[in-house]
Amino acid sequence: MREHDPADSEMSTVRMPTPLHDLKRLFKRSPRRKTLKIIPHSAAFFIFLWALSLVFPAIGRSKQNLPCLAGIGPADALIVADSDGRILYTHHEKNPCIPASTLKVLTALAAIHHLGAAYRFPTEFYTDSGQNLKVKGFGDPLLVSEIWRDIAETISKKISALNDLVLDDTYFSRDIPIPGRKDSTNPYDAPVGALCANFNTVDFDRDERGKIVSAESQTPLTPLAATKIQKLGLKRGRYTFSHDQREATRYAGEILFHFLKERHVKIRGTIRLGGVAPTDTLIYTYRSKFSLEASLQKMLEYSNNFMANQILLVTGARIHGPPATLAKGIDAVSGFAKQELRLQDIKIAEGSGISRKNRLSALDMLTILKKFRPYRHILTHHDGVSYKTGSLRGIRTRVGYVEDSSDKFYYFVIFLNQGGPDIHAVMKCVTQTLSKRPD
């Protein structure tokens with residue numbers, strides 16, 4: 001779900017030289033050392049400036065050559081670089097900015113590094129001596145109704161009856177708080193969990209008599225969902241109906257329960273939470289039909305906050321062991337950024353970009369984009385631009401790659417953090433400027 005507007009071969013870190021207007025700070029001396037002075041008109045000083053202009057010509061011409069910089073304020077940042085990473089245009093490139101949903105590019109890159117692009121989320125199914133069926137979740141973010149239906153089909157060929165349906169969600173810690181997420185019914189505020197269904201949301205409608213019915217032919221309206229909808233007094237549409245992780249887990253169980261009964265599996269007991277024991281027998285492991293790369297493509301395309309934080313948490317649990325916690329997820333992504341990308345100053349509060357506590361500079365994002373280059377095909381692509389956008393109240397961001405007809409491409413980072421110019425106009429200015437550059 002897109003966030004609201006309420007209201008990734010080794011690449012070295014790109015480091016910008018000290019801006020020319022800050023050179024006086026570079027040569028500043030303590031008053032007690034007045035004998036050490038730099039004479040502005042000395043030959044050495046001018047030779048230094050001349051050499052700097054040859055090595056870093058883009059710094060000197062960045063502002064006057066890009067007209068769209070005129071409306072960008074002091075809290076905003078912009079970088080445009082060529083395919084070799086040479087910066088062509090820049091504005092406040094070291095400012096710590098709120099990246100909004102463009103942070104998902106870093107989350108995706110860290111997950112690929114730690115899990116592998118071909119990784120597939122597992123979900124395990126066990127039976128015990130009491131003829132109970134146990135389901136252990138590992139954070140698969142794409143357990144939607146169609147998947148649960150296919151799982152039920154497979155299970156129905158292995159067992160014909162069971163007592164209780166036992167749900168094990170202990171791979172995640174209980175009630176994980178995500179900074180920036182509120183207890184609203186909006187889908188972007190859906191809670192995370194080890195065992196989920198339909199992004200922990202429900203899409204419903206009302207018939208001509210006002211009765212609550214499912215708005216999706218593939219999804220049954222479960223008792224828990226119907227009760228919560230009625231209690232909340234919701235109209236129609238897709239909603240997050242609970243922020244209780246236990247209820248979200250039970251909802252997944254009710255979906256599976258429905259499909260098992262539909263396939264004539266006799267269920268004599270109830271749905272309950274519990275754990276898998278060492279003596280239980282593994283009868284089936286579902287591995288996601290979507291590779292991690294395919295999952296990330298969906299996450300980026302729909303800017304799904306739930307998916308981003310599920311992936312962050314699973315990555316943390318893979319590195320530090322279960323149960324998954326927010327701290328482990330943040331450490332996995334931050335550690336990757338610092339150790340692999342040499343980004344020491346970024347601040348990450350969660351993995352989706354919904355929190356305003358996330359901070360990184362345009363220069364940091366350029367380094368991320370350079371590493372993410374082999375995977376740029378999983379970004380949204382339109383009119384020669386592969387990109388990821390982000391928006392929060394007063395925040396508009398966009399990062400990615402501009403490709404031209406000669407198969408060359410450019411990196412771009414636009415962080416508008418003070419609600420100034422229209423980001424579409426800035427993007428248009430960037431692409432038009434690049435189209436006029438000589439080959």
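Checked against (1) in a strand (DSSP E or B); (2) crowded, with 22+ Cβ neighbours inside 10 Å, Arg238 passes all but a single condition, namely (2). Each residue in the range 301-330 was checked for being touching a strand residue (DSSP E or B) at 6+ places or on another chain (Cβ under 8 Å), surrounded by fewer than 24 Cβ atoms within 10 Å (Cβ to Cβ) and either among the aromatic types (Phe, Trp, Tyr) or in a helix (DSSP H, G or I) (or both), and 2 of them qualify.
One line per residue, one yes/no per condition, for (1) surrounded by 18 or more Cβ atoms within 10 Å (Cβ to Cβ); (2) in a loop (DSSP other than H, G, I, E, B); (3) outside the structural domain of His264 (by TED's automatic domain parsing):
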{"site": "Leu88", "(1), (2), (3)": "yes, no, yes"}
{"site": "Ser129", "(1), (2), (3)": "no, yes, no"}
{"site": "Pro141", "(1), (2), (3)": "yes, yes, no"}
{"site": "Arg149", "(1), (2), (3)": "yes, no, no"}
{"site": "Glu153", "(1), (2), (3)": "no, no, no"}
{"site": "Ile159", "(1), (2), (3)": "no, yes, no"}
{"site": "Arg181", "(1), (2), (3)": "yes, yes, no"}
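In the list Gly316, Gly321, which residue meets the criterion of being on the phi < 0 side of the Ramachandran plot and of a type outside the set (A, V, I, L, M, F, W, C)? The conditions single out Gly316. Against the condition out of contact with any helix residue (DSSP H, G or I) (no Cβ under 6 Å at 6 or more places or on another chain), part of a helix (DSSP H, G or I), assigned by TED's automatic domain parsing to the domain that holds Asp168 and among the small types (Gly, Ala, Ser), how does Ala252 come out, does it pass? In short, yes.
Residues that are crowded, with 18+ Cβ neighbours inside 10 Å and not in a strand (DSSP E or B) within the range 203-219 comprise just one, Thr219.
Remark: pairs (first residue in the range 106-118, under 21 Å from Arg359 (Cα atoms); second residue of a type in the set (Lys, Arg); Cβ separation under 8 Å; 6+ apart in sequence or on different chains) = Leu109/Lys371.
Residues in the range 354-392 that are within 24 Å of Glu293 (Cβ to Cβ) and among the hydrophobic types (A, V, I, L, M, F, W, C): Ile354, Leu360, Met365, Leu366, Ile368, Leu369, Phe372, Ile378, Leu379, Val385. Of everything in the range 223-278, what is acidic (Asp, Glu) and either out of contact with any Leu (no Cβ under 7 Å at 6 or more places or on another chain) or closer than 21 Å to Asn304 by Cβ (or both)? Give them in sequence order. Of everything in the range 223-278, those that are acidic (Asp, Glu) and either out of contact with any Leu (no Cβ under 7 Å at 6 or more places or on another chain) or closer than 21 Å to Asn304 by Cβ (or both) turn out to be Asp244, Glu247, Glu262. Answer with yes or no whether Phe259 is modelled with pLDDT of 95 or more, in contact with a helix residue (DSSP H, G or I) (Cβ under 9 Å, 6 or more places away or on another chain) and either over 18 Å from Phe138 (Cα atoms) or among the small types (Gly, Ala, Ser) (or both). In short, yes.
The values are calculated or read from the model by the stated rules, or taken from the named source; none is laboratory data. The structure displayed is predicted, hence computed values, not measured ones. With ideal geometry, Cβ positions are generated from the backbone for all residues, glycine too; neighbour counts draw on all protein chains shown.
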